[in-house]
Amino acid sequence: MAEDRVAERERVFQQYKQDVKERGKPFYPYAMFHDTVMSLVVVVVIIGLAVIWKWTTPGAHTGFDPHGGTGNPDQAGWLGKLYDEPADPGTISFVPRPDWYFYFLFYLLRIFKWPDSVILGTVGLPTIALLLLIALPFIDLRSERRPLRRPVAVVGAILVVLAMGILTYRGATARESLGTENLTHVTEWAQKQGFAGNKEAVAGAKLFAVVGCLNCHTYLGTGSHNLGAPELTAEGAKNKGIAFQIAHLKCPSCVNPGSPMPPFASQGPKNLKALATFLEASKGPK
């Protein structure tokens, strides 16, 4: 039986080669030429759109920009604004979201919770699906291609499309609460550090949990080390003072030349004072 299948495949392959020789065209140079032309067309279109986007934006070619760049971000050209307002690293309202084609994977993070099963959902299942897709031509060796005579393949394809579609839709419409995971640690921080009765320090701890400080700093085992950022669990034990902390938060590179930490001046005086109070109250676990 296996020998018959091999013989049939060889016969079909030889017939294919004969058909190509008699009626077809070789890949080189015909198909390669077509691909090259289409690639050139795509590049030209992209360059053309970029030029239109740039030169139809008011002030883009004259250098006018109240924010110090090129172009006027308050006016749009034919293809929209050249860019929006500068990014605010101290924002507490922005929820980062992936591009639409990653929404299905984005929603899997809501199904597979950190840290127990997130690797299975974000790496395991997509990798298994990709391996099955790669292996499919080696598993299904039949020459039959009519959908009605391949119920397993058709049902499998429909289920995959439905699953991807549903997950993409749910990911696109999901509502996120920024900083929820980190906010759960605030009560524990206040108890261990002994500032539970200091309302301003608690408010500062909540801000600290959501404005992105834990992306680079660690605090009582929470967060991560990036760009050489120090551990802040016992920051208050250094007795730098509220004024120093506020000045440092406003302009880190002004206080410590060369500091890669972004400024948080946009938080405003009230929030800066709360953050400074929290840092000064953090003198290490009691």
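Rule-based calculations on the coordinates, nothing more; no lab input. Computed from a prediction, not measured in an experiment: that's the story for all the values here. Glycine also receives a Cβ, built like all others from the backbone with ideal geometry; neighbour counts cover every protein chain displayed.
Tabulated values for the structure
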{"quantity": "Most mobile listed residue (G241, G194, G124) in the chain, GNM with C-alpha springs under 10 Å", "calculated": "G124"}
{"quantity": "Gain upon complete extension [V43, Q14; 0.36 nm per residue less C-alpha separation]", "calculated": "6.6 nm"}
{"quantity": "Kirkwood hydrodynamic radius (C-alpha pairs) into Stokes-Einstein, the stretch 180-281, 4 °C and 1.567 mPa s, D in µm²/s", "calculated": "96 µm²/s"}
{"quantity": "Extended-chain gain in nm, criterion 0.36 nm per residue less alpha-carbon gap, L162 and A247", "calculated": "25.2 nm"}
{"quantity": "Most fluctuating residue given options K17, K238, K54, as computed from a GNM of the chain linking Cα atoms under 10 Å", "calculated": "K17"}
{"quantity": "Volume in Å³ per residue [convex hull over Cα atoms, computed for the chain]", "calculated": "251 Å³"}
{"quantity": "Calculated FRET value between R149 and R110, using beta carbons and R₀ = 35 Å, to 0.05", "calculated": "0.35"}
{"quantity": "Cα→Cβ-extended label distance, 7 Å offset, between V118 and D35, nm", "calculated": "3.9 nm"}
{"quantity": "Rough spin-label spacing in nm, given labels placed 7 Å along Cα→Cβ, for Y28 and A7", "calculated": "3.6 nm"}
{"quantity": "Angle in degrees between helix 125-139 and the longest Cα principal axis of the chain, rounded to the nearest 10", "calculated": "10 degrees"}
{"quantity": "Segment S259-E231, length gained on full extension (0.36 nm per residue, minus Cα span)", "calculated": "8.6 nm"}
{"quantity": "Cysteines in the chain that, by Cβ-Cβ distance, have no pairing candidate under 4.7 Å", "calculated": "C213, C216"}
